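One structure below.
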Amino acid sequence: MSHPHISLTRFLIEEQRAGRVNAELRLLVEVVARACKTISIAVGKGALGGVLGEAGTGNIQGEAQKKLDVIANDVLLEANAWGGHLAGLASEEMDHSMPIPDVYPRGNYLLLFDPLDGSSNIDVNVSVGTIFSVLRCPEGVTTPADEHYLQPGTEQVAAGYCVYGPQTTLVLTVGHGTHAFTLDREVGSFILTTRGMRIPEETKEFAVNASNQRFWEAPMQRYVGDLLAGKDGPRGKDFNMRWIASMVADVHRILTRGGIFSYPLDSKCAPKGGKLRLMYEANPMSLLVEQAGGAASTGRQRMLEVQPNGLHMRVPVFLGSKAEVEAAVSYHRSHDAGAA
């Protein structure tokens, strides 16, 4: 447990003094955190706030939007438009990126976000969250377009998520470790509760949507088959399965106590390249996981080195405890070598 009185603001000012963030990035993170507090209040009211159910609209992904998807998206757009620290922003809920309106000063950063991840869980009162990623706007670009966001995950200057659960927790990296802040609801500020989160290298827990098993590729079938065979199988130990169907909640569990999260390629999502979005979900989560000593892969390549080909590009995802991610990758590697 860290010293009880280090607020997010104080933490960021100390990072700035140490030369790890500049004033602009510090303000950007604070604005995102403030927006997350607003979303947390809306999520917490649930049916009382009239925010449950469908919005009656669809997003770029062709998915029905929940009312809270739209509210969360609007909160993040409005909060970040006028601060002067951004050149533009992009959301999983919008077709294209959006430059900061001309009436406001523009900064040097690009913000990407999934305003409400796991929104299928909203109506049943299961944890949901917001995921965000920060990139630098390329030199000399004053009005960023979609192509200026297409930078590999290694270029992220900050990433984080906020999980709206029994506690509202903000997990953040500015490239120097992964740190957790818990919202003190009475005071209204995020307080540092874990400095330098570490994911155990070995694990006995895996998270996967097992209902898709019949669609998986052969190496994934073999990998999970061996996990389920337990201590009598080739892995020599028993594994537990966990699946919340809210990426933020699943990854938060892994950052807290270890595990592996998998959303592999399958025959249903293969035409799109995968299920999860590289820019809004896989990259920010992969940076957080790597900064906590874990690993992240597509099964065939380090996630943060994937070159994006579109704002809404999708990828297969394996992330979490280092040794376990390496094990999953080795199944894919040996399968591909055999196929070749």
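Quick look at the values:
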quantity: Test result for V134, more than 18 Å from L183 (Cβ to Cβ), in contact with a helix residue (DSSP H, G or I) (Cβ under 7 Å, 6 or more places away or on another chain) and at pLDDT 95 or above; calculated: yes
quantity: Qualifying residue in the stretch 234-249 (condition: within 18 Å of the chain's Cα centre (by Cα), modelled with pLDDT under 95 and surrounded by fewer than 15 Cβ atoms within 10 Å (Cβ to Cβ)); calculated: yes
quantity: Test for V134: is it farther than 16 Å from N283 by Cα and either part of a loop (DSSP other than H, G, I, E, B) or within 17 Å of the chain's Cα centre (by Cα) (or both); calculated: no
quantity: Given (1) within 23 Å of the chain's Cα centre (by Cα); (2) closer than 24 Å to V315 by Cβ, index of the condition L183 fails; calculated: (2)
quantity: Criterion violated by I199 - all others in (1) within 19 Å of the chain's Cα centre (by Cα); (2) buried (at least 20 other Cβ atoms within 10 Å of the Cβ); (3) closer than 28 Å to V124 by Cα satisfied; calculated: (3)
quantity: Lone unmet requirement of (1) within 12 Å of S189 (Cβ to Cβ); (2) in contact (Cβ under 8 Å) with a residue 40 or more places away in the chain for E30; calculated: (2)
quantity: So D226, is it closer than 29 Å to A270 by Cβ and over 20 Å from the mean Cα position of the chain (by Cα); calculated: yes
quantity: Matching residues in the stretch 70-121 - criterion: being farther than 25 Å from P308 by Cβ and crowded, with 23+ Cβ neighbours inside 10 Å; calculated: none
quantity: Some residue of the stretch 102-110 being in contact (Cβ under 8 Å) with a residue 40 or more places away in the chain, within 27 Å of Q16 (Cα to Cα), in the same structural domain as L170 (by TED's automatic domain parsing) and hydroxyl-bearing (S, T, Y); calculated: yes
quantity: Among (1) surrounded by fewer than 14 Cβ atoms within 10 Å (Cβ to Cβ); (2) of a type outside the set (F, W, Y); (3) at pLDDT 95 or above; (4) more than 18 Å from the chain's Cα centre (by Cα), the one test that H176 misses; calculated: (4)
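The values are calculated or read from the model by the stated rules, or taken from the named source; none is laboratory data. All values reported here derive from a predicted model rather than from experimental measurement. Every residue, glycine among them, receives a Cβ derived from its backbone with ideal geometry; neighbour counts consider all protein chains shown.
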